[in-house]
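K.L.:
Below is a structure I'd like to ask you about.
Read the figures in this text as sums done on the coordinates, not as results from a lab. Nothing here was measured: the structure is a model prediction, and the numbers come from that model. Quick reminder, even Gly has a Cβ in these numbers, built from the backbone with ideal geometry, and neighbours come from all protein chains shown.
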Amino acid sequence: MATQEEIVKGLADIVNEIAGIPTEDVKLDKSFTDDLDVDSLSMVEVVVAAEEQFGVKIPDDDVKNLKTVGDAADYILKAQQV
Amino acid sequence: MSPTNRTVVVTGIGATTPLGGDSASTWEALLAGRSGVRLLEQDWAAELPVRIAAQIAVEPGEVLPRPLARKLDRSAQFALIAAREAWADAGFTAKAGDDPAVDPDRLGAVVASGIGGVTTLLGQYDVLKEQGVRKVSPHTVPMLMPNSPSANVGIDINARAGVHTPVSACASGAEAIGYAVEMIRTGRADVVVAGGTEAAIHPLPIVAFGNMMAMSKNNDDPQGASRPYDAGRDGFVLGEGAGVVVLESVEHARARGARVYAEVVGQGISADAHHITQPEPTGRGIAAALQHLLDGSDLKPAEIVHVNAHATSTPQGDVAEIKALRRVFGDDVDHMAISATKSMTGHLLGGAGGIETVASVLALHHRIAPPTINLAQQDPEADADIVGADPRPLPAGTIAALNDSFGFGGHNVVLALRSWDN
């Protein structure tokens, strides 16, 4: 199971690939939409890539609650333990 | 603003083609008579009856930032590259509004493609079948929709006066430019970025066009395969890329001190209403478009010294076009240097009208008509002065050029350009 630090690092690589944002700028308090140039369509790509990387399921209805990198990291951390 | 009949000029050009990554390298290659046609090296091409195409010279992934490129179909990537070149070439330094020389509410974009995002559509269907629902890109719809190139160019330059996508197969690029001219003439816009793009080099379109017996199967001699007006022509060669121009009212261009390449004198449009793919053999529909052009503008047949012909290298189409020119212009055709640049670029379908308008503008600007390569033995039925292997100087004084584009469905679009003395 990945730690929170490993999840953030993984999300940083995904956001870098999809939106071109430098990995060091992807931090817990950053908003995907407002800070990281991830629009609603690109967020779907982020979610699918994260599901694959961390072996979790993120239902569509939960995606709207993942506003920041911290939200996503916490969600993935909990989902890993199910 | 009330309707007007304003003069429209070309103030910027851009292209990315099988001959070069911009308009300057494309023009240089055209004058040098270089062919952009190559054998397709991809695995998928190995067993196809047609294994040749004119692929882009500079891959768009080398030009556009990766996060942007991955959200755009290849046709929109080409359009954006060509539009950005044209925009900068026109002297604009930022998008409309940020550059105070152009008002976003007076700026339009009209960029067309014949087929739309066909490689995205087919590629994502492969993803669905092979990798499942979850892996289909959420960008698929905005990538494959045919208005995507136009919309993305419009967003990039901040065009708010209207963004349009006329679709008429291989006449799409020319129809887009004609539509843009009308937007300016009737007062809807002062500046419009217009052109055509296409990216259809994929096994399905190649097989489908091949099964129509429309394409050259000259796999043994790729560079000799596209041979408009030659007696041995056996069909077109598929090309990809985009050509875009910046059109502007002459008042707007003068007010900002812009360099003018040429005037757009007018356009003629008609439909054959004959057959969904076959050209009307006597050239009646094309002749009607040419006549509408003369009736609706101050163009004089005597000033036309150059024609960038549609001439795709199909046995029927090339001849029908010449017959139509003869029908309308009679002996005046004798002083027209006719070039078939598809002999070098291949046929860019909806992109053709874009890159051929760029070529026509440069032919007037530099006063030289590009060559028609592979013209070994001219078809006697093509009774006109076809520029052969060497480019042809054009005369001094006020001169005009035509750019013809025709599309499956019987669409005929003729654009007329005139030299401009800055």
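K.L.:
Going by a ≥ b ≥ c, the root eigenvalues of the Cα gyration tensor, does the range B:277-335 fall in the rounded group (a/c under 1.5), the prolate group (a/b larger than b/c) or the oblate group?
P.N.:
prolate
K.L.:
Once R0 is set to 35 Å, what does the formula 1/(1 + (r/R0)^6) return for the Cβ-Cβ distance between B:Ala255 and B:His366, expressed as a FRET efficiency to the nearest 0.05?
P.N.:
After rounding, the FRET efficiency stands at 0.85.
K.L.:
In deg cm²/dmol and to the nearest 500, what is the mean residue ellipticity at 222 nm of chain A if only DSSP H runs of at least 4 residues count, each as -39500 (n - 2.57), divided by the residue total?
P.N.:
Here the helix-only value at 222 nm equals -18500 deg cm²/dmol.
K.L.:
Spelling out what I want: for every residue of the range A:65-81, take phi, set θ = phi - 60°, compute 6.51 cos²θ - 1.76 cosθ + 1.60 (Karplus), and round to whole Hz; glycine and proline get x.
P.N.:
Values per residue, Gly and Pro as x: 7, 8, 8, 10, 4, x, 4, 5, 4, 5, 4, 5, 4, 5, 5, 5, 8 Hz.
K.L.:
Using Cα centres only, tell me the gap between the range B:348-415 and the range B:293-327 in whole Å.
P.N.:
A separation of 9 Å, based on Cα centres.
K.L.:
List B:Arg185, B:Arg254 from most exposed to least, where exposure is judged by having the fewest other Cβ atoms within 10 Å.
P.N.:
B:Arg254, B:Arg185
K.L.:
Let me ask another. Relative contact order for chain B: what is it in percent, counting Cα pairs under 8 Å that are at least 6 residues apart?
P.N.:
23
K.L.:
Farthest toward the dipole's positive end in chain B, which of B:Leu299, B:Thr165, B:Ala94, given Cβ charges of +1 (Lys, Arg) and -1 (Asp, Glu) about the Cα centre?
P.N.:
B:Ala94
K.L.:
At what distance in nm do the modelled label points of B:Ala302 and B:Asn211 sit from each other, each positioned 7 Å from its Cα along Cα→Cβ?
P.N.:
For B:Ala302 paired with B:Asn211, the spin-label model returns 5.4 nm.
K.L.:
At 37 °C and 0.692 mPa s, what whole-number value in µm²/s does Stokes-Einstein give for the translational diffusion of the range B:264-419, with Rh from the Kirkwood sum over Cα pairs?
P.N.:
Rounded, D is 217 µm²/s.
K.L.:
Would you kindly work out the equivalent ellipsoid of chain B from its C-alpha gyration tensor and give its semi-axes, the square roots of five times the eigenvalues, largest first in whole Å?
P.N.:
Value: 29, 28, 18 Å, ordered largest first.
K.L.:
While we're on this one: Please give the charge dipole size of the protein assembly as shown, origin at the Cα centre, charges +1 on K and R Cβ atoms and -1 on D and E Cβ atoms. Round to the nearest 20 debye.
P.N.:
Taking the Cα centre of the protein assembly as shown as origin, the dipole is about 660 debye.
K.L.:
Karplus couplings for the range A:13-23 from phi (6.51 cos²θ - 1.76 cosθ + 1.60, θ = phi - 60°), rounded to Hz, Gly and Pro as x?
P.N.:
5, 5, 5, 4, 5, 7, 10, x, 7, x, 4
K.L.:
Plugging the Kirkwood radius over Cα pairs into Stokes-Einstein for the range B:9-255, at a temperature of 25 °C and a viscosity of 0.890 mPa s, what D comes out in µm²/s?
P.N.:
131
K.L.:
Right, here's the next one. Grab the beta carbon distance between A:Ser31 and B:Leu204, set R0 = 41 Å, and tell me the FRET efficiency rounded to 0.05.
P.N.:
Working from the Cβ atoms, E equals 0.50.
K.L.:
Relative contact order for the range B:9-255: what percent, with Cα pairs under 8 Å and sequence separation of 6 or more?
P.N.:
30
K.L.:
Same structure again: What is the dipole size for chain A, taken about its Cα centre, with +1 at each Lys and Arg Cβ and -1 at each Asp and Glu Cβ, in debye to the nearest 20?
P.N.:
240
K.L.:
Something else: Using a Gaussian network model of chain B whose springs link C-alpha atoms within less than 10 Å, name the residue from B:Asn374, B:Asn412, B:Asn219 with the highest mean-square fluctuation.
P.N.:
Largest GNM mean-square fluctuation: B:Asn219.
K.L.:
Could you tell me the calculated FRET efficiency between A:Asp62 and B:Glu62, based on Cβ-Cβ distance and R0 = 30 angstrom, to the nearest 0.05?
P.N.:
0.20
K.L.:
Given the pairs A:Lys57/A:Lys78; A:Lys27/A:Lys67; A:Lys30/A:Lys78; A:Lys30/A:Lys64; A:Lys67/B:Lys135, which span a C-alpha to C-alpha distance of over 18 angstrom in this model?
P.N.:
Flagged as over cut-off: A:Lys30/A:Lys78; A:Lys67/B:Lys135.
K.L.:
Still on this structure: Could you tell me the ratio Rg/Rh of the range B:88-219? Both radii from Cα atoms, Rh via Kirkwood.
P.N.:
Over the Cα atoms of the range B:88-219, Rg/Rh equals 1.08.
K.L.:
Comparing B:Ala69, B:Ala194, B:Ala401, which has the greatest mean-square fluctuation in the GNM of chain B with Cα pairs linked when under 10 Å apart?
P.N.:
Between B:Ala69, B:Ala194, B:Ala401, it is B:Ala69 that shows the largest mean-square fluctuation.
K.L.:
Go ahead and set up a Gaussian network model of chain B, Cα springs under 10 Å, then flag whichever of B:Lys217, B:Lys300, B:Lys95 fluctuates most.
P.N.:
It is B:Lys300.
K.L.:
A follow-up question, please. On a full-extension model of 0.36 nm per residue, what is the gain between B:Thr93 and B:Asp383, subtracting their alpha-carbon distance, rounded to one decimal in nm?
P.N.:
99.7 nm
K.L.:
Stokes-Einstein at 10 °C, 1.306 mPa s, Kirkwood radius from Cα pairs: D for the protein assembly as shown in µm² s⁻¹?
P.N.:
This corresponds to a translational diffusion coefficient of 67 µm²/s.
K.L.:
What residues qualify as long-range amide H neighbours of B:Asp230, i.e. H under 5 Å apart, gap of 5 or more or another chain, H built at 1.01 Å from N?
P.N.:
The list, which skips near neighbours in sequence, is B:Asp379.
K.L.:
Per q in 0.22, 0.24 1/Å, what log10 I(q)/I(0) does a Debye calculation on the alpha-carbon atoms of chain A return?
P.N.:
One equal scatterer on each Cα of chain A leads to -0.98, -1.20.
K.L.:
If you don't mind, there's one more thing I want to ask. What is the magnitude of the charge dipole of the range B:264-419 about its Cα centre, with +1 placed on the Cβ of each Lys and Arg, -1 on the Cβ of each Asp and Glu, and no other charges, expressed in debye to the nearest 20?
P.N.:
300
K.L.:
Can you find, among B:Val50, B:Gln267, A:Leu66, the residue farthest towards the positive end of the dipole of the protein assembly as shown? Put +1 on the C-beta of Lys and Arg, -1 on that of Asp and Glu.
P.N.:
The one lying farthest along the dipole's positive direction is B:Gln267.
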